[in-house]
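So the structure is just underneath, and the comments pick up after that.
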Amino acid sequence: MNIGLGKNKKKRIVDMTIEMMESLGGEVGSDTDHLEKIPVTSVPVLNSAPVMNNGTVKIPFPGGSEYNGDIILIQNRPIPFTVLSLICYVEIGD
């Protein structure tokens, strides 16, 4: 088993799957200058409260190759944003 295979190597997060519970929106990226909106999967209905997202969404990850592989998840609005899990698909360089 190759433990620590990606340590001290450049990494590029290709895309990720985010599992959410009763959430509405949010953004993900490698820093605050490179953010991708998390898509809302529900369709708004006129004159009713928005339907919260439950389940998973797969999105491309905005960012390049770096040694740290940082991830930032933010919600700038006063609405729910509960992340249950993150699954990252990563390419490891030399």
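The values are calculated or read from the model by the stated rules, or taken from the named source; none is laboratory data. In this text, all values refer to a predicted model and were calculated from it rather than measured experimentally. Heads up, the Cβs are rebuilt from the backbone with ideal geometry, glycines too, and the neighbour counts pull from every protein chain shown.
Does the range 30-51 contain at least one residue that is surrounded by 15 or more Cβ atoms within 10 Å (Cβ to Cβ), farther than 30 Å from Leu5 by Cα and in contact with an Asp or Glu (Cβ under 7 Å, 6 or more places away or on another chain)? Walk me through it before giving the result.
Taking the range 30-51 first, the residues surrounded by 15 or more Cβ atoms within 10 Å (Cβ to Cβ) are 30, 35-36, 38, 40.
Narrowing the set further to residues that are farther than 30 Å from Leu5 by Cα leaves 40.
Checking which are in contact with an Asp or Glu (Cβ under 7 Å, 6 or more places away or on another chain) leaves us with none.
No: zero hits.
Among the candidates Glu36, Glu22, single out the residue that is of a type outside the set (A, V, I, L, M), at positive phi and at pLDDT below 90. Steps first, answer last, please.
Numbers: Glu36 fails: at positive phi.
Sole residue among the options that is of a type outside the set (A, V, I, L, M), at positive phi and at pLDDT below 90: Glu22.
Out of the range 70-90, which residues are surrounded by fewer than 13 Cβ atoms within 10 Å (Cβ to Cβ), modelled with pLDDT of 90 or more and polar (S, T, N, Q)?
Once the filter is applied, which keeps residues that are surrounded by fewer than 13 Cβ atoms within 10 Å (Cβ to Cβ), modelled with pLDDT of 90 or more and polar (S, T, N, Q), the range 70-90 yields only Ser85.
Please report, ordered by residue number, the strands (runs of 3 or more DSSP E) entirely within the chain with at least 3 residues that are over 10 Å from the mean Cα position of the chain (by Cα) and hydrophobic (A, V, I, L, M, F, W, C).
Passing ranges, in order: 11-23, 82-92.
Scanning the range 39-69 for residues that are closer than 27 Å to Lys10 by Cβ and touching a Gly at 6+ places or on another chain (Cβ under 8 Å), which turns out modelled with the lowest pLDDT?
Applying the first criterion (closer than 27 Å to Lys10 by Cβ) to the range 39-69 yields 57-69.
Retained after the next criterion (residues that are touching a Gly at 6+ places or on another chain (Cβ under 8 Å)): 61-63, 65, 69.
Numbers: Phe61: 87, Pro62: 81, Gly63: 75, Ser65: 78, Gly69: 79.
So the residue we want is Gly63.
Given the condition hydrophobic (A, V, I, L, M, F, W, C) and touching a Phe, Trp or Tyr at 6+ places or on another chain (Cβ under 8 Å), answer yes or no: does some residue in the range 32-48 qualify? Steps first, answer last, please.
Within the range 32-48, the subset hydrophobic (A, V, I, L, M, F, W, C) is 35, 38, 40, 43, 45-46.
Imposing the further condition that a residue be touching a Phe, Trp or Tyr at 6+ places or on another chain (Cβ under 8 Å) reduces the set to none.
No.
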